1. Name the residue, out of A:T30, A:T70, that is without any contact (Cβ under 8 Å) to a residue 24 or more places away in the chain and more than 7 Å from chain B (Cβ to nearest Cβ).
2. I'm trying to understand the selection: among the residues of region A:52-96, which are over 14 Å from A:Q37 (Cβ atoms) and of a type in the set (V, I, T)?
3. Just name the residue that is modelled with the highest pLDDT out of those in region A:100-114 that are surrounded by fewer than 19 Cβ atoms within 10 Å (Cβ to Cβ) and within 9 Å of chain B (Cβ to nearest Cβ).
4. Across region B:40-55, which residue is nearest to B:V87 (Cα to Cα) among those that are surrounded by 16 or more Cβ atoms within 10 Å (Cβ to Cβ) and out of contact with any Asp or Glu (no Cβ under 9 Å at 6 or more places or on another chain)?
5. Hey, which of the strands (runs of 3 or more DSSP E) in region B:1-58, taking only ones fully inside, have at least 2 residues that are farther than 28 Å from A:R110 by Cα and touching a strand residue (DSSP E or B) at 6+ places or on another chain (Cβ under 6 Å)?
6. Looking at B:V87 and the list (1) assigned to a strand (DSSP E or B); (2) farther than 23 Å from A:F45 by Cα, which single condition is not satisfied?
7. Only residues that are modelled with pLDDT under 95, at the interface with chain A (Cβ under 10 Å from one of its Cβ atoms) and surrounded by 14 or more Cβ atoms within 10 Å (Cβ to Cβ): list them for region B:65-101, please.
8. For A:R81, all conditions in the list (1) at positive phi; (2) modelled with pLDDT under 95 hold save one; what is the number of the exception?
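The values are calculated or read from the model by the stated rules, or taken from the named source; none is laboratory data. Owing to the predicted nature of the structure, the values given are computational and were not obtained by experimental measurement. FYI the Cβ positions are ideal-geometry reconstructions off the backbone, even for glycines, and counts take in every protein chain you see. For accessibility, only protein heavy atoms count, side chains too; no ligands or nucleic acids. Shrake-Rupley method; radii C 1.70, N 1.55, O 1.52, S 1.80 Å.
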Amino acid sequence: GAGVSQSPSNKVTEKGKDVELRCDPISGHTALYWYRQSLGQGLEFLIYFQGNSAPDKSGLPSDRFSAERTGGSVSTLTIQRTQQEDSAVYLCASSKNRQVGELFFGEGSRLTVL
Amino acid sequence: GENVEQHPSTLSVQEGDSAVIKCTYSDSASNYFPWYKQELGKRPQLIIDIRSNVGEKKDQRIAVTLNKTAKHFSLHITETQPEDSAVYFCAATKPGNTPLVFGKGTRLSVIA
């Protein structure tokens with residue numbers, strides 16, 4: 001498909017385990033974002049990749065969270081030693097141009113930490 | 001960094017009435033202000049945006065206004081319909097390698 005693809009769509013894990021969430025952006029989009037949406041809450045910025053620039057990690061809530069983007073395309077968000085408060089929907093978005101332009105969101109990965 | 005405040009958090013209107021959602025931003029350098037709509041269980045989607053070189057933009061029943069001096073912008077929906085029921089997010093960003101920052105959202109319910 002031509003949209004932003006995220007996997008897994010649902011992930012249930014036990015407290016203390018590590019999880020990896022994957023995002024495949026729209027081909028040719030240089031900007032990639034990760035946001036977190038807790039139940040009934042807003043879109044909390046986590047991290048932003050733009051081309052070959054150093055990522056903006058200012059939104060990552062703790063050092064348990066990290067993300068990488070390989071080859072300027074696929075991105076992986078890793079949460080180590082998961083906690084119950086990490087339970088949320090993790091949304092990935094991409095856009096064609098740097099910073100200004102429509103963001104296309106994926107369906108999200110729903111993470112539940114037991 | 002940029003901070004975006006959005007009000008109200010919930011809004012109920014009768015079908016056919018107008019709805020207004022207001023946002024303020026903190027960084028006077030911000031120059032791009034989009035609005036996203038998220039229907040229940042779905043992904044957010046862009047519905048309208050405005051850049052700082054204009055004060056108002058309209059698209060059918062939806063309009064956005066921007067007051068740069070006061071650092072606030074608003075979404076106006078006229079003749080509301082049940083399908084307008086959703087969560088609406090405002091956002092702001094400035095030139096340079098900076099991310100889009102969202103408000104906390106407004107849950108709009110249109111009552112038939």
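1. After ruling out the rest, the residue left standing is A:T70.
2. Of all residues in region A:52-96, those over 14 Å from A:Q37 (Cβ atoms) come to A:52-58, A:60, A:62-76, A:78-84, A:94-96.
Scanning region A:52-96 gives A:T70, A:V74, A:T76, A:T78, A:I79, A:T82.
3. A:E107
4. B:P44
5. Fully inside region B:1-58 and qualifying: B:10-14, B:19-25, B:45-51.
6. Only one criterion in (1) assigned to a strand (DSSP E or B); (2) farther than 23 Å from A:F45 by Cα is unmet by B:V87, namely (2).
7. B:T93, B:K94, B:N97, B:T98, B:P99, B:L100, B:V101
8. The number of the failed condition is (2).
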